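So the structure is just underneath, and the comments pick up after that.
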Amino acid sequence: MGQLLRRENAALFFHNLQKSGKTIVATNGCFDILHVGHVRYLQKTKTFADYMVVLLNSDSSVRSIKGEGRPINNENDRAEILCALSCVDYVVIFNEDSPRDLLDEIKPDVYTKGADYTMETLPEADIMKKNGTRVEFISFVEGKSTTNLINKINNN
């Protein structure tokens, strides 16, 4: 079962894991209404390192990105659900719209992002290059998204 870490403790925690020879893979997102696309993405992410951390957008961050009415589930519920997945080792909640600063603090060995990004369009690419972090792009499950689920619920 995964563990929720406080942001202010995360950098030292992961640094100590890496110092002991373990590798860290990070990914980020809102993970508002968990669906099969999320689960497959997270399972694939876990295959790239010894430990996986999900950098989770806080409620205020999700609202800023997705608009009023989001998130559907609050940050504590979303973190608990993620921690219940066997592939998730750690969750860290962040308040900014982008995980750039947190990624720069944690310095994961690998970072995953959806295949709708490339190194040219990845907002965190400069941080990844600076810290020598390998980036892996993971394909989405066609037609599976939180927005699609919300639209389906609203149209019924």
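A short reminder: the numbers here are calculations on the coordinates, not readings from a lab. No experiment lies behind these values; they were computed from the predicted model shown. Positions of Cβ are generated from backbone atoms using ideal geometry, with glycine treated the same way; all protein chains shown enter the neighbour counts.
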Completion exercise
Going from the fewest other Cβ atoms within 10 Å to the most, one would list 134, 70 as 134, 70
Exercise for the section: Go ahead and set up a Gaussian network model of the chain, Cα springs under 10 Å, then flag whichever of 73, 131, 16 fluctuates most. Expected result: 16
Exercise for the section: Treat the count of other C-beta atoms within 10 Å as a stand-in for reagent exposure and order 111, 51, 117, 90 from fewest to most. Expected result: 117, 51, 90, 111
Exercise for the section: Once you've got the GNM for the chain with C-alpha springs shorter than 10 Å, pick whichever of 42, 12, 102 has the biggest mean-square fluctuation. Expected result: 12
Completion exercise
Here the net charge surrounding residue 102, from other residues whose Cβ is less than 14 Å away from its Cβ (Lys, Arg +1; Asp, Glu -1), is -3
Practice task
Please build a GNM for the chain, connecting alpha carbons under 10 Å apart, and tell me which residue among 99, 71, 123 fluctuates the most.
Solution key: 123
Exercise for the section: Provide Rg and Dmax in Å for the chain, with only Cα atoms included in the calculation. Expected result: 15.0, 52
Handout entry: Principal-axis tilt of helix 36-46 within the chain, Cα atoms, nearest 10 degrees
Key = 0 degrees
Exercise for the section: Run the dipole for the chain about the Cα centre, Lys and Arg Cβ at +1, Asp and Glu Cβ at -1, nothing else charged, and hand back the magnitude in debye, nearest 20. Expected result: 340 debye
Handout entry: Computed [θ] at 222 nm, deg cm²/dmol, the chain (DSSP H ≥ 4; -39,500 (n - 2.57); rounded to nearest 500)
Key = -12000 deg cm²/dmol
Handout entry: Contact order normalised by residue count of the chain, Cα under 8 Å, 6+ apart, percent
Key = 30 percent
Fill in the blank from the handout: For 75, 80, ascending order of other Cβ atoms within 10 Å (fewest first) is 80, 75
Handout entry: Relative frequency of Cα-Cα separations exceeding 16 Å in the range 1-47, percent
Key = 53 percent
